[in-house]
Amino acid sequence: MTDVLTFSDNPELASELAGAALSLAPAAGGRPLSVKVIGHASGDPQLTAVSIADAVRRTGASVVLVGATKFGRMVAGSLAVQLRIGVLSDVRSLKVDGQRLIGTRAAYAGKFNATVESPVPCIALVPPGAYETLSGRSVPEETATTEAQPKVRRAGAEVHTPSLDLRSARVIVSAGRGFRKKEDLELADKLAHALGGTMGASRPLSSDLGWLGEEHHIGLTGVYVHPDLYLAVGISGQLQHVAGIRDSKVIAAINRDRQAPIFQVVDYGVVGDLYEVIPALLRLLGTA
Ligand SMILES: Cc1cc2nc3c(=O)[nH]c(=O)nc-3n(C[C@H](O)[C@H](O)[C@H](O)COP(=O)(O)OP(=O)(O)OC[C@H]3O[C@@H](n4cnc5c(N)ncnc54)[C@H](O)[C@@H]3O)c2cc1C
């Protein structure tokens, strides 16, 4: 019998899930916990879900941990429908209590932790960074395969390769609606380069205005970042944005409104016009 199955299309997250699964060991009541990793074979989330569903039925697994990537979310949704079981989304800690899986997840843009639970069997979507990667131990792995045919046919596909990885950036300079026009973002870009960093953005710039690609969008519905330095320029600091930057080591901001909510979460703040402050900083850094 297998207690926990894990699946992620991202290798690092797959290792974190194995760590998460082994952390449930006390729930096995003293006997060795059985964990199996499902490898990634199909590029189709629906087919991947079919093969994981087969594995769940075959092994009698009571918990399925799925890495909360875009692909993983699609797999979890399809798997839940096929097995008619619940999903705990974006849980950062997990325990089994009797016949229930209990998890905690961020609520109200990270201001509170909510406790969520579901009867087992169930699925839990685990985001990157919630658990340590597994080191020095290995767990059995099988590759997810299925004879099933996809029910959804793709009419076309566009390969999108994100040009940057904000999650691993050590310095991020993020631009918000304080910038008056797209061309002015060159200022933020120059500052990011001068500091050896990468440029991020608030949602309106990447989603609504389309000035930058979606991969720049930081916050609740974008990327969660944890750089050494996060500099928010012309960003008001709404909850949804701040949710994605809380794990930064140092948060700084440039904003002309001293009442802007971003100043409640910063370590350092400059109250001033970005069109004056950034050129001054670039001069100081010798790159104006
Ligand atoms: C369900 C939902 C999910 C969301 N998810 C996200 C998310 O993931 N990420 C995200 O960012 N947002 C998200 N939002 C949007 C969020 O609520 C805010 O609307 C958004 O973050 C505001 O972006 P901003 O700070 O760039 O713009 P604004 O709120 O318009 O702030 C602009 C700031 O620039 C300052 N400013 C203006 N001119 C200058 C100048 N010359 N010099 C210096 N400062 C200046 C102003 O004082 C102001 O504080 C979400 C909203 C919803 C409803």
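The values are calculated or read from the model by the stated rules, or taken from the named source; none is laboratory data. Keep in mind that what you see is a predicted model, and the values were worked out from it rather than measured. Here the Cβ is made from the backbone with ideal geometry for all residues, glycine too, and neighbour counts use every protein chain on show.
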Which of the residues belonging to region 185-203 are touching a residue at least 60 places away in the same chain (Cβ under 8 Å) and within 12 Å of the ligand (Cβ to nearest atom)?
L187, A188
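Could you pull out the residue among I262, I245 that is buried (at least 21 other Cβ atoms within 10 Å of the Cβ) and either under 20 Å from N113 (Cβ atoms) or at pLDDT below 95 (or both)?
Values: I262 fails: either under 20 Å from N113 (Cβ atoms) or at pLDDT below 95 (or both).
None of the other options fit; the residue is I245.
Which residues, counting only those in region 58-79, are polar (S, T, N, Q) and buried (at least 18 other Cβ atoms within 10 Å of the Cβ)?
So in region 58-79, the residues polar (S, T, N, Q) come out as 59, 62, 69, 78.
S62, S78, listed by residue number.
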Go through (1) in a strand (DSSP E or B); (2) under 22 Å from N10 (Cβ atoms); (3) modelled with pLDDT of 90 or more one by one and return the number of the condition A106 breaks.
(3)
Going through region 45-99 one residue at a time, which ones are of a type in the set (K, R) and under 23 Å from the mean Cα position of the chain (by Cα)?
K70, R73, R92, K95
Given (1) away from the ligand (no atom under 12 Å from the Cβ); (2) in a loop (DSSP other than H, G, I, E, B); (3) hydroxyl-bearing (S, T, Y), identify the lone condition not met by Y230.
(2)
Qualifying positions in region 277-288 - more than 8 Å from the ligand (Cβ to nearest atom) and not polar (S, T, N, Q)
I278, P279, A280, L281, L282, R283, L284, L285, G286, A288
Condition broken by Y224, with the remaining ones in (1) more than 7 Å from the ligand (Cβ to nearest atom); (2) aromatic (F, W, Y); (3) modelled with pLDDT of 95 or more satisfied
(3)
Go through (1) surrounded by fewer than 14 Cβ atoms within 10 Å (Cβ to Cβ); (2) at pLDDT below 95; (3) within 9 Å of the ligand (Cβ to nearest atom); (4) not charged (D, E, K, R) for S206 and report which single condition fails.
(1)
Selection from region 213-235 of residues more than 18 Å from the chain's Cα centre (by Cα) and crowded, with 20+ Cβ neighbours inside 10 Å yields L231, A232, V233, G234, I235
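Please verify whether H241 is near the ligand (Cβ under 7 Å from one of its atoms) and under 24 Å from R105 (Cα atoms), treating the condition exactly as stated. Walk me through how you get there before you give the answer.
Numbers: near the ligand (Cβ under 7 Å from one of its atoms): yes; under 24 Å from R105 (Cα atoms): yes.
For H241, the condition - near the ligand (Cβ under 7 Å from one of its atoms) and under 24 Å from R105 (Cα atoms) - is met.
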Over region 170-227, the set of residues part of a strand (DSSP E or B) and hydroxyl-bearing (S, T, Y) is S174, T198
Only residues that are near the ligand (Cβ under 9 Å from one of its atoms), touching a residue at least 40 places away in the same chain (Cβ under 8 Å) and not in a strand (DSSP E or B): list them for region 246-271, please.
R256
Looking at (1) over 19 Å from L185 (Cβ atoms); (2) assigned to a helix (DSSP H, G or I); (3) not small (G, A, S), can you tell me which one I278 breaks?
(1)
Pairs with Cβ under 7 Å, 6+ apart, first in region 90-113 and closer than 23 Å to H241 by Cβ, second of a type in the set (S, T, Y) and loosely packed, with under 12 Cβ neighbours inside 10 Å
T104/T115
